[in-house]
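Okay, so here's the structure we're looking at.
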Amino acid sequence: MRVGRVRQDRQVRQHHRTFRLLGSLLLAAMGASATGAAPAQAASPVPLDRVVPVPASVDPGGSPYRITRDTRIRVDDSRETRRVGEYLAHILRPSTGYRLPVTAHGAGGIRLRLAKGPFGVEGYRLDSGRKGVTITAAGAAGLFHGVQTLRQLLPAAVEKDSVQPGPWLVAGGTIQDTPRYGWRGAMLDVSRHFFTVDQVKRYIDQLALYKINKLHLHLSDDQGWRIAIDSWPRLATYGGSTQVGGGPGGYYTKADYKEIVRYASSRFLEVVPEIDMPGHTNAALASYAELNCDGVAPPLYTGTEVGFSSLCVGKDITYDFVDDVIRELAALTPGKYLHIGGDEAHSTSHEDYVKFMDRVQPLVAKYGKTVVGWHQLTGATPATGALAQYWGLDGTSAEEKAQVAKAAQNGTGIVLSPADRIYLDMKYTADTPLGLDWAGLVEVKRSYDWDPGDYLPGVPSSAIRGVEAPMWTETITKSADIEYMAFPRLAGVAELGWSPASTHDWEGYKVRLAAQAERWEALGIGFYRSPQVPWPTA
Ligand code: TNX
């Protein structure tokens with residue numbers, strides 16, 4: 001195992017060296033054969049390994065491919081391949097100014113093809129040479145992820161929405177790539193501050209570029225209920241009518257929500273909806289007096305304290321309510337998972353918490369979904385197949401970590417979201433204008449430089465399903481805020497989730513990360529210029 005890893009490491013480095021050499025030879029050759037017309041920009045293609053997340057294996061060599069006005073996007077004659085082809089065309093057309101027809105006919109060009117192979121559900125192979133670029137995968141998800149790699153192999157200007165000079169070269173060689181984990185998530189808290197469908201779509205597009213495949217939406221909390229539930233309409237109309245700081249809040253109609261799910265699925269992300277229970281429920285308790293043990297509805301809440309609210313565990317109506325909510329939400333959810341929260345239930349006794357989870361988890365199964373909960377769920381009895389999302393930190397007590405480990409040994413899958421590593425709402429430094437610091441300051445290196453595979457003592461590595469980066473929004477109010485906190489850290493989380501452990505290397509990563517800056521600029525993403533990263537100077 002160990003030896004294999006080291007060897008693979010050495011091979012990767014070897015490939016990288018070979019590539020650099022070939023790159024320089026290529027440049028020299030191009031200079032020698034110049035026709036006199038000055039190229040619009042330096043015609044050296046992006047090295048094949050300058051991609052985030054770094055591919056599992058890179059074998060550079062041969063001539064680059066050049067996208068021209070005659071390039072076609074060739075697809076197998078299937079709806080799903082065509083859909084990925086159209087997506088690629090939609091990325092490339094504005095900046096290249098080329099027609100790039102998506103067609104099942106012809107030869108050469110950019111080809112997307114489905115074939116059996118060692119790709120898994122999400123992996124792909126990319127072959128690039130003088131005649132064309134071919135992306136091969138077992139399914140559309142693999143083709144889509146291959147397209148994201150192709151995007152990053154093109155100059156950053158390809159991301160712009162007006163015609164750019166090019167040239168549009170893709171380095172020659174082969175990439176074989178398949179993810180380390182099946183769960184590579186990002187969470188967005190739309191409760192503390194509400195974000196519109198368009199804002200969520202913008203984030204989805206950014207996540208897709210880094211091969212993130214789960215969008216976890218935190219749809220309810222003390223400050224706001226954000227999803228229309230027909231059988232309990234006041235949850236949204238009243239419970240959704242404010243947010244942190246007292247703004248107007250908002251909620252998704254079922255049509256809005258379906259549109260988010262549809263858009264996410266067009267970018268190969270599965271939406272994981274969360275209704276946080278039994279704590280974090282003030283918005284629901286304020287909307288329906290009968291959900292309170294004393295029958296009195298509290299006022300709406302616009303502050304940022306946690307742990308003061310609880311559903312009434314002893315009342316039957318609580319479970320009618322939860323049944324209705326889960327039924328309606330499950331019906332809106334094509335994905336496998338439904339997240340029931342379960343964190344910081346400080347106003348629920350342990351006994352009640354266990355009782356509540358014992359009654360609620362079967363309701364998730366009843367509507368065909370699999371339970372996800374914050375890791376406090378491991379203090380109750382996680383349902384068969386449930387996943388626990390770990391959000392502890394270095395300072396989390398050994399007992400709590402042991403409880404998670406024990407659940408993992410008993411079959412509970414673990415999604416890692418350590419707060420002092422990948423909470424995207426933590427400040428980078430004491431000077432970061434947004435964010436919180438209860439889990440500490442999280443600079444870019446800290447968020448990247450850990451291994452999900454051996455992070456939690458006693459958790460078998462097979463129990464680790466992946467990683468997820470939460471964005472809590474107590475201090476986050478607009479897309480620019482989301483982006484400033486997510487970039488660059490999100491890219492590192494994506495790499496932890498996708499790339500083999502053997503490629504993990506801060507020194508190499510920070511160079512690849514720096515190369516993303518131009519792309520973010522072209523996409524209008526305002527990111528944090530961490531001094532830890534060697535950003536190109538303007
Ligand atoms: C803890 S993490 C919370 C959230 C807060 C967040 C702020 C978790 C499961 N609960 O309620 O928004 O910290 O960083």
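Data for the structure
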read-out	value
Helix 2-32 axis, angle to the chain major axis (alpha carbon atoms, nearest 10°)	50
Loop GluC sites (Glu not before Pro), segment 303-346 (other Cβ atoms within 10 Å of the site Cβ: 10 or fewer; DSSP)	Glu305
Inter-label distance, nm, simple model (7 Å from Cα along the C-beta direction), Gln532/Leu436	2.1
FRET efficiency for Trp506 and Glu400, using Cβ-Cβ distance with R0 set to 35 Å, rounded to 0.05	0.80
Cβ-derived FRET efficiency at R0 35 Å, Ala514 paired with Ser63, nearest 0.05	0.80
Degrees between helix 140-153 axis and first principal axis of the chain (Cα, 0 to 90, nearest 10)	60
For segment 393-478, convex hull of alpha carbons as volume per residue, Å³	98
Stretchable slack from Asp451 to Tyr367, in nm (0.36 nm times residue separation minus alpha-carbon distance)	26.7 nm
Zone residues, segment 499-531, relative to Thr429, backbone N less than 18 Å from point 7 Å out along Cα-to-Cβ	514, 527-531
Among 381-388, 213-220, the order from most to least packed when residues are scored by Cβ within 10 Å on average	213-220, 381-388
Binned Cα-Cα distance frequencies in segment 279-416 - 5 Å width, integer %	2, 10, 18, 21, 21, 15, 9, 3, 0
Contact order relative to length of the chain, as percent, for alpha carbon pairs under 8 angstrom and 6 or more apart	13
Inter-site label distance for Ala480 and Ser266 at 7 Å from Cα along Cβ, in nm	2.7
Value of Rg/Rh across segment 477-531 [Cα atoms, Kirkwood radius]	1.00
Net lengthening on full extension, Lys258/Arg327 (0.36 nm per residue, minus Cα-Cα)	23.3 nm
Sequence-separation-based contact order of segment 428-538, relative, with Cα cut under 8 Å and 6+ spacing, percent	30
Beta bridges by DSSP in the chain, antiparallel share as percent, to the nearest 5	30
q = 0.09, 0.12 Å⁻¹, the chain: log10 I(q)/I(0) [Debye, one scatterer per Cα]	-0.67, -1.13
Ordering of 54-60, 229-235 by burial proxy (mean other Cβ atoms within 10 Å per residue, highest first)	54-60, 229-235
Cα-based helix-to-principal-axis angle, 489-498 vs the chain, degrees rounded to 10	80
Distribution of pairwise C-alpha distances over segment 49-191, 10 Å bins, in %	12, 43, 35, 9, 1, 0
FRET efficiency, His90 to Thr381 (Cβ-Cβ, R0 51 Å, nearest 0.05)	0.60
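Each value in this text was obtained by applying a stated rule to the coordinates, not by laboratory testing. Everything numeric in this text was worked out from a predicted model, so none of it was measured. So basically every Cβ, Gly included, is an ideal-geometry build from the backbone, and we count neighbours across all protein chains shown.
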